[in-house]
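Step one of this worksheet: look at the structure below.
The values are calculated or read from the model by the stated rules, or taken from the named source; none is laboratory data. Computed from a predicted structure; not experimentally measured. As a convention, Cβ positions derive from the backbone with ideal geometry for all residues, glycine included, and neighbour counts pool all protein chains shown.
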Amino acid sequence: MSFEWADFLLVARELDGEPTYPAPPESRKRSAIGRAYYASRGVAQTYADTRVTGGQAKPYREFDHGDLWRWFLAQDEVSLREVGVMLKDLYSMRQAADYRFDSPGIEKKSRQAILLAQGIIGSLAAPQQAG
């Protein structure tokens, strides 16, 4: 069965607090992957901005998606390179959830995306708290 793209509107309406029919599970799972990606991307962007500028604020859009995970992959610290790998994987999952009609195993993929996002955010939050 092919995915009904208009079902994303039901998710948007639910997230906005509008009483509506519940969104179908596949729409929720696809949206969960996207939200997990953007949560970790925002944290990663903030971390990279701080590292690049020595703590000075930078415009949010300094890195595009690929530039951001490539920046992490180019770092000397193994833990930051691991963040780059996870961010790249999560980006690929988000691309598939947003743009591919068929998505076998979406339940497993949404859980995996959440775990990757938790790993990214946890890895980047720990050094900031210690410093």
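Looking at the structure I just gave you, is E26 modelled with pLDDT of 85 or more, of a type in the set (D, E) and under 19 Å from L115 (Cβ atoms)?
no
Can you confirm whether region 21-42 contains a residue that is within 15 Å of the chain's Cα centre (by Cα), buried (at least 17 other Cβ atoms within 10 Å of the Cβ), of a type outside the set (S, T, Y) and not in a helix (DSSP H, G or I)?
No, the conditions are met nowhere in region 21-42.
Are any residues in region 64-123 outside any helix (DSSP H, G or I), of a type in the set (A, V, I, L, M, F, W, C) and either within 16 Å of Y37 (Cα to Cα) or touching a residue at least 40 places away in the same chain (Cβ under 8 Å) (or both), and if so, which ones?
Answer for region 64-123, where residues must be outside any helix (DSSP H, G or I), of a type in the set (A, V, I, L, M, F, W, C) and either within 16 Å of Y37 (Cα to Cα) or touching a residue at least 40 places away in the same chain (Cβ under 8 Å) (or both): just F101.
So which residues in region 93-122 are at pLDDT below 95 and of a type in the set (S, T, N, Q)?
Q95, S103, S110
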